[in-house]
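Student: There's a structure below that I have some questions on.
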Amino acid sequence: MHRRMTGAQVLRGSTWFGVNNALSLLRVSSAETIAALCMHAIRVGEPLSQSRALRRSTRYYVAEATLASLERLRCCPYRSMPLNGLRPARGEDEVMKKALAPLVVLGLLLAAAWPAVAASRGLTVYMARGKGAVSILDQSAYQNVFKNGIFAGDKLQIDLTSGKADFLKRFFAAQIVYLSLHANPDVWVVPNGDRVGIVDLIRAYTAAGKKGPSLVIVTGCSTIHMATKVNFPAAVGITPATQKKAYLGYTTFTVGEFSDRYFRVFLGQWMQPKPDGSYRTLVEARDDAKAFIQRMLTLQGPNTGVVARFAPLDASVAGWFTIVGDSDLRVTDL
């Protein structure tokens, strides 16, 4: 018979396997620090979502919804184990799996969505949602992931309202651009509904001294048509032979929400270092994002939070988009 335990008792007995193990998936030196802070907050009765030490000292931003998944462990019926115990009592295997599942999801989510601070370089990042486009960019939970996680320390603007003039100004002032919008081979529909054509981009690129973003990602339909010299990538100074710059987009139709969720992981992978300290190329980030989503699909359940939830087709996005320019581009090249 299992007796109901407090969060402190649960985590005090399973630190070796619980918080610390899940957070070790971060593969950074602060994993033990985060685990210790989680333990301390619960032992003193402080809600994790209000723990400033946890959210600031480790230089990670942990969303309240994610911390709430840890707090739910306070009502898990799991018998305490001694710290040096390496096996659960007989019959507790399934209980332990259920109790620790939120922690495993947390560790994986942090590993992809909250990159190490070393990846933040004060970059200028512009993200825009076009009018009428169904996108994650106008959802506060995802905005927190971008602002306080993936691009923490960078100069990020998420644009939901601009017209053509402001859109073009912000586009060419940025080093990284992510657009979630309606499009066709000739037109992008920007936040206020204005239409930006290839000619508009060519003129703005020329006015900017032929300087533009190093990475452009467009989750809109059919923006890559390379049969002619007049195309979206070329309009912003990117051709198949371009080095240290890249344009990512689609040659045909795409579903925006699938692409948005995929690229949220892709950008997290691209911005953070690998375990050996090196940074991923676009191709490596493409493949690792797919693998990450596939792992998350096996872990998610009915209570999985929105930013950790994926659809089966999200992983397929890795095979849908095309890279024009330097497929070996790394964030350290910017």
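Student: Going residue by residue through segment 161-174, is there one that turns out to be farther than 20 Å from Asn231 by Cα, assigned to a strand (DSSP E or B), touching a residue at least 12 places away in the same chain (Cβ under 8 Å) and of a type in the set (S, T, N, Q)?
Tutor: no
Student: Something else now. Is it the case that segment 163-170 has a residue that's among the hydrophobic types (A, V, I, L, M, F, W, C), at pLDDT 95 or above and touching a strand residue (DSSP E or B) at 6+ places or on another chain (Cβ under 6 Å)?
Tutor: No: segment 163-170 contains no residue that is among the hydrophobic types (A, V, I, L, M, F, W, C), at pLDDT 95 or above and touching a strand residue (DSSP E or B) at 6+ places or on another chain (Cβ under 6 Å).
Student: Here's a check for you: in segment 244-264, which residue that is in contact with a helix residue (DSSP H, G or I) (Cβ under 9 Å, 6 or more places away or on another chain) and in a loop (DSSP other than H, G, I, E, B) is surrounded by the fewest Cβ atoms within 10 Å (Cβ to Cβ)?
Tutor: Lys244
Student: Checking the conditions here, which among Asp288, Asp276 is surrounded by fewer than 19 Cβ atoms within 10 Å (Cβ to Cβ), without any contact (Cβ under 8 Å) to a residue 24 or more places away in the chain and more than 26 Å from Gly130 (Cα to Cα)?
Tutor: Sole residue among the options that is surrounded by fewer than 19 Cβ atoms within 10 Å (Cβ to Cβ), without any contact (Cβ under 8 Å) to a residue 24 or more places away in the chain and more than 26 Å from Gly130 (Cα to Cα): Asp276.
Student: Being over 22 Å from Lys155 (Cα atoms), in the same structural domain as Ser180 (by TED's automatic domain parsing) and among the aliphatic types (A, V, I, L, M), is that true of even one residue in segment 203-210?
Tutor: The answer is yes; a qualifying residue exists.
Student: Does segment 132-145 contain at least one residue that is β-branched (Val, Ile, Thr), more than 23 Å from the chain's Cα centre (by Cα) and assigned by TED's automatic domain parsing to the domain that holds Phe232?
Tutor: No: zero hits.
Student: Answer with yes or no whether Val125 is in the same structural domain as Val255 (by TED's automatic domain parsing) and surrounded by 17 or more Cβ atoms within 10 Å (Cβ to Cβ).
Tutor: yes
Student: Please go through (1) modelled with pLDDT under 95; (2) part of a loop (DSSP other than H, G, I, E, B) for Ile238 and return the number of the only condition it doesn't satisfy.
Tutor: Of (1) modelled with pLDDT under 95; (2) part of a loop (DSSP other than H, G, I, E, B), only one is false for Ile238: (1).
Student: For segment 313-334, give me each residue that is hydrophobic (A, V, I, L, M, F, W, C), outside any loop (DSSP other than H, G, I, E, B) and buried (at least 17 other Cβ atoms within 10 Å of the Cβ).
Tutor: Correct list: Ala315, Val317, Ala318, Ile323, Val324, Val331.
Student: Out of (1) in contact with a strand residue (DSSP E or B) (Cβ under 8 Å, 6 or more places away or on another chain); (2) buried (at least 24 other Cβ atoms within 10 Å of the Cβ), what's the single condition that is false for Gln269?
Tutor: Gln269 satisfies every listed condition except (1).
Student: Between Thr161, Thr223, which is of a type in the set (Val, Ile, Thr) and closer than 24 Å to Asp333 by Cβ?
Tutor: Thr223
Student: Still on this structure, I have one more. Looking at Tyr250, Tyr262, which is the one that is hydroxyl-bearing (Ser, Thr, Tyr), in contact with a Cys (Cβ under 9 Å, 6 or more places away or on another chain) and modelled with pLDDT of 95 or more?
Tutor: Tyr250
Student: Anything in segment 301-312 that is surrounded by 15 or more Cβ atoms within 10 Å (Cβ to Cβ) and farther than 18 Å from Ile150 by Cβ? List them, or say none.
Tutor: Matches in segment 301-312: Thr304 only.
Student: Being modelled with pLDDT of 95 or more, assigned to a strand (DSSP E or B), surrounded by fewer than 21 Cβ atoms within 10 Å (Cβ to Cβ) and among the hydrophobic types (A, V, I, L, M, F, W, C) narrows it down to one of Ile158, Ile202, Ile217, so name that one.
Tutor: Every option except Ile158 fails the conditions.
The values are calculated or read from the model by the stated rules, or taken from the named source; none is laboratory data. In this text the structure is predicted, and so the values were computed from the model without any measurement. A quick note on method: Cβ atoms are made from the backbone with ideal geometry, for glycine too, and the neighbour counts reach across all protein chains shown.
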